[in-house]
Amino acid sequence: MAGFSARTTEFFDLSVIPYPAVTVAVSLGDEPFTVDDSNGRQQNGSVVVGLVPSGVRGRGRDIECLQVRLSPVIAHAVLGVSSELGGTVVSLDDLWGRDAARTQEQLRAARSWDDRFAIAEAALVRRHEAGRAIEPEVAFVWRQMVTNLGGVRVERLAAEVGWSRKRLWSRFRAQIGLNPKRAAQLVRFDHAAHRLAAGHSAARVAAEIGYVDQSHLHRDVMAFAGVTPTAVAAAPWLAVDDVAWAAPEYLSKS
């Protein structure tokens, strides 16, 4: 969970780099930000960004927002949907109804970011406890993907949980929002993107993370982010990740 404030009259337009978590962004400023996806759909104000959104851009000025990154395992209960969120951007109002407006009002009235974090955490805990838990087999497979930075074989994971590959593919897709292969690729891409942002060369990142070669890395980055590895390395959001997020929240348990 992190708070962002950009008190400026300058208009910003940033590409959203895919991340292995479902992102909830609550608008708290006087001017709501706008999020566009590759299909031309536009959302204003508080939004939920599903796994692997394509061509998503955030625009606005004088921005103030609270952002939460939810493990898809947790998001399944907190948001009430999973497969419908894969690759999409939706309004928080559409998922939480009146609870979204009430929570946003409380956050705006809070006097400090610490108070806002406490309010947001209470809302998330309340909805998580009331929501439907994900199947333990699916949760186990996701944790294995994260722990191994995407370097896993779906067949082996299916055998470990006692499911057929077909059943794992179906249940994972229904509850996480991506099929297992795509999810593992997303986790690997995220690791590569942060290594690139840290200043490592594309050749070194490709060799150390398990890509066949630098061209393979380039294709993967283009497929997920729609830009080159050089552009990903300069992405503003990646540059502040180690400050805004003490640890990747998709590592959260349950």
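The values are calculated or read from the model by the stated rules, or taken from the named source; none is laboratory data. No experiment lies behind these values; they were computed from the predicted model shown. Note that each Cβ is placed from the backbone with ideal geometry, even for glycine, and that neighbours are counted across all protein chains shown.
The table below gives the values:
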item: Selected residue (criterion: surrounded by the fewest Cβ atoms within 10 Å (Cβ to Cβ)) from residues of the range 72-87 that are of a type outside the set (A, V, I, L, M) and out of contact with any His (no Cβ under 9 Å at 6 or more places or on another chain); result: Glu84
item: Qualifying residue in the range 220-233 (condition: crowded, with 20+ Cβ neighbours inside 10 Å, modelled with pLDDT under 95 and part of a loop (DSSP other than H, G, I, E, B)); result: no
item: Conditions (1) touching a Lys or Arg at 6+ places or on another chain (Cβ under 6 Å); (2) touching a residue at least 40 places away in the same chain (Cβ under 8 Å); (3) of a type in the set (Gly, Ala, Ser); number of the one not met by Ala110; result: (2)
item: Answer residue from the range 183-219, given it is among the polar types (S, T, N, Q) and assigned to a helix (DSSP H, G or I) and is nearest to Phe172 (Cα to Cα) among those; result: Gln185
item: Single residue of Arg7, Arg59, Arg41 found to be closer than 24 Å to Asp115 by Cα and at pLDDT below 85; result: Arg7
item: Residue in the range 162-170 that is among the small types (Gly, Ala, Ser), at pLDDT 95 or above, touching an Asp or Glu at 6+ places or on another chain (Cβ under 9 Å) and over 18 Å from Pro53 (Cβ atoms) present; result: yes
item: Matching residues in the range 105-115 - criterion: being within 16 Å of Ala25 (Cβ to Cβ) and at pLDDT below 95; result: Arg108, Trp113
item: Number of the condition not met by Val81 [criteria: (1) at pLDDT 90 or above; (2) in contact with a Gly (Cβ under 9 Å, 6 or more places away or on another chain); (3) part of a loop (DSSP other than H, G, I, E, B); (4) not charged (D, E, K, R)]; result: (1)
item: Qualifying residues in the range 20-39 (those that are polar (S, T, N, Q) and more than 24 Å from His194 (Cα to Cα)) - the one surrounded by the fewest Cβ atoms within 10 Å (Cβ to Cβ); result: Asn39
item: The range 58-71, subset over 9 Å from the mean Cα position of the chain (by Cα) and in a loop (DSSP other than H, G, I, E, B), residue surrounded by the fewest Cβ atoms within 10 Å (Cβ to Cβ); result: Arg61
item: In the range 176-206, the residues that are in contact (Cβ under 8 Å) with a residue 60 or more places away in the chain and buried (at least 20 other Cβ atoms within 10 Å of the Cβ); result: Ile176, Gly177, Leu178, Ala183, Leu186, Val187, Phe189, Asp190, Ala193
